[in-house]
1. Can you go through I59, I55, I83 and tell me which one is part of a loop (DSSP other than H, G, I, E, B) and touching a strand residue (DSSP E or B) at 6+ places or on another chain (Cβ under 8 Å)?
2. Give the number of residues within the range 70-88 that are within 14 Å of ligand 1 (Cβ to nearest atom) and open to solvent by 10 Å² or more (accessible area, probe 1.4 Å).
3. Name the one entry in R132, R177 that is surrounded by fewer than 18 Cβ atoms within 10 Å (Cβ to Cβ), basic (K, R) and closer than 22 Å to L233 by Cβ.
4. Among the numbered criteria (1) at pLDDT below 95; (2) at negative phi; (3) not polar (S, T, N, Q), which single criterion is violated by P295?
5. Residues of the range 78-137 being among the charged types (D, E, K, R) and either more than 14 Å from the chain's Cα centre (by Cα) or within 24 Å of K27 (Cβ to Cβ) (or both), which ones?
6. When the residues of the range 187-244 are narrowed to those that are within 14 Å of ligand 2 (Cβ to nearest atom) and of a type in the set (G, A, S), which ends up farthest from R273 (Cα to Cα)?
7. Looking only at the range 231-257, which residues are of a type outside the set (A, V, I, L, M), farther than 18 Å from T286 by Cα and not in a helix (DSSP H, G or I)?
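The values are calculated or read from the model by the stated rules, or taken from the named source; none is laboratory data. A quick note: this is a predicted structure, and the numbers were derived from the prediction, not measured. As a convention, Cβ positions derive from the backbone with ideal geometry for all residues, glycine included, and neighbour counts pool all protein chains shown. Side chains included, ligands, DNA and RNA excluded: accessible areas come from the protein's heavy atoms. Shrake-Rupley method; radii C 1.70, N 1.55, O 1.52, S 1.80 Å.
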Amino acid sequence: MNLQKLEKTLSDQPKYRRAQAQQAIFKLLVNNWEEFTAFPKDLRDELNHECPLEIQAEIHTEDKTKKAAITLDDGNVIEAVLIKNVDGRHTVCVSSQVGCPLGCTFCATGKSGFKRNLTALEIVSQVLLFARELKKQDDRVDNVVFMGMGEPLLNWFEVKKSIEMLNDKDGINIAARSISVSTCGLPDGIRELMKFPLQINLALSLHAPNDELRRELMPIANSYGLKELLAVLNLYMKEKGRKVMFEYVMIDNVNDSMNYAEELIKMFKSLPRNLIMVNLIPYNPTGGFKASPAPVIKKFRDTLIRGGIEATIRESFGSRIGGACGQLAGKK
Ligand code: SAH
Ligand code: SF4
């Protein structure tokens with residue numbers, strides 16, 4: 001899809017056609033201009049030729065998860081995942097970059113290197129793809145999480161635009177509170193988020209209670225220590241008054257000992273306790289590490305809860321089709 005070409009094709013048309021076209025794409029979710037009979041036949045043909053609406057994707061299904069490998073106009077492949085939650089609501093996990101430059105040791109995307117940032121429309125198209133599918137069953141996308149390939153705060157300009165497009169009442173109309181951005185923790189990016197007026201959610205990939213261990217897992221921790229990160233999060237939480245979800249991947253014998261749980265409880269003392277929520281993510285195999293056993297994860301959670309920290313365990317979806325957290329590597 002190319003909105004510049006759309007503009008160009010509509011440039012000699014009456015002005016209202018542009019709004020109609022936007023509505024066709026983002027509200028009526030048409031796949032093909034042929035379906036949009038509000039436009040005359042010759043215009044539909046021209047649009048299908050100049051600005052086709054098809055999204056080139058291969059979709060794999062496992063239980064309640066669908067993974068789409070989407071081929072972009074330049075041939076790069078990105079991945080998006082649709083998850084059906086237990087309450088029946090649908091979440092789309094979107095990518096924000098082709099690959100990721102940050103190279104976390106446990107993450108398949110990080111190992112695949114970095115190609116480029118996605119445009120806002122390339123991000124929104126991932127949601128459109130699944131929204132079109134769901135519409136056939138009279139269903140819709142309820143939540144969007146930026147937890148696919150890439151670091152959203154390294155592409156904030158386009159990510160911000162995509163959030164505004166997703167939130168548009170005259171378009172896909174996804175509530176800001178149903179949109180979450182996950183970051184490995186970039187202080188400048190978090191300061192930008194603080195200025196963003198929409199009430200979206202922030203998830204922070206923590207994975208370790210101290211800098212030493214964090215640096216082993218996440219190279220970015222060499223640039224920003226936990227002290228600086230916690231200070232900016234403290235400002236964010238106070239300014240926004242919103243919960244932050246701390247993500248913690250549970251890796252066997254690496255970061256899952258109960259001492260680390262105790263250390264986390266101490267670390268969190270500098271933040272408003274009622275705004276902290278820890279989400280323990282069972283590690284999805286990407287090579288190199290092993291997942292923590294389920295009883296260890298439960299014990300870790302219970303230790304946090306006893307320490308007064310709200311903690312949950314993420315249900316892992318889609319690991320067989322490589323669609324779970326950290327397994328997205330842009331391979332078809
Ligand atoms: N770059 C952002 C968002 C994409 S990663 C970030 O790092 O937050 C989304 C989440 O998946 C992060 O919390 C990340 O740490 C986690 N993740 C990465 N690899 C994983 C793996 N192999 N198993 C489980 N979770 C993983
Ligand atoms: Fe990038 Fe996030 Fe993967 Fe780290 S975990 S390499 S920041 S996508």
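1. Values: I59 fails: part of a loop (DSSP other than H, G, I, E, B); I83 fails: part of a loop (DSSP other than H, G, I, E, B).
Step by step, each of I59, I55, I83 is checked, and only I55 is part of a loop (DSSP other than H, G, I, E, B) and touching a strand residue (DSSP E or B) at 6+ places or on another chain (Cβ under 8 Å).
2. First, the residues of the range 70-88 that are within 14 Å of ligand 1 (Cβ to nearest atom): 78-81, 83.
Remaining after also requiring open to solvent by 10 Å² or more (accessible area, probe 1.4 Å): 83.
Count: 1.
3. Working: R132 fails: closer than 22 Å to L233 by Cβ.
Matching residue, one of R132, R177: R177.
4. It fails just one condition, (1).
5. Step one: list which residues in the range 78-137 are among the charged types (D, E, K, R), which gives 79, 84, 87, 89, 111, 115-116, 122, 132-133, 135-136.
Matches in the range 78-137: K84, D87, R89, K111, K115, R116, E122, R132, E133, K135, K136.
6. S223
7. Going through the range 231-257, the residues of a type outside the set (A, V, I, L, M) turn out to be 234, 236, 238-243, 246-248, 252-253, 255-257.
Subset that is farther than 18 Å from T286 by Cα: 234, 236, 238-243, 246, 257.
Of everything in the range 231-257, those that are of a type outside the set (A, V, I, L, M), farther than 18 Å from T286 by Cα and not in a helix (DSSP H, G or I) turn out to be G241, R242, K243, F246, S257.
Listed here are the residues, each with its yes/no results for (1) among the polar types (S, T, N, Q); (2) more than 20 Å from the chain's Cα centre (by Cα); (3) more than 15 Å from ligand 1 (Cβ to nearest atom).
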position: L198; (1), (2), (3): no, no, yes
position: E216; (1), (2), (3): no, yes, no
position: A221; (1), (2), (3): no, yes, no
position: M237; (1), (2), (3): no, yes, yes
position: N253; (1), (2), (3): yes, yes, yes
position: S257; (1), (2), (3): yes, yes, yes
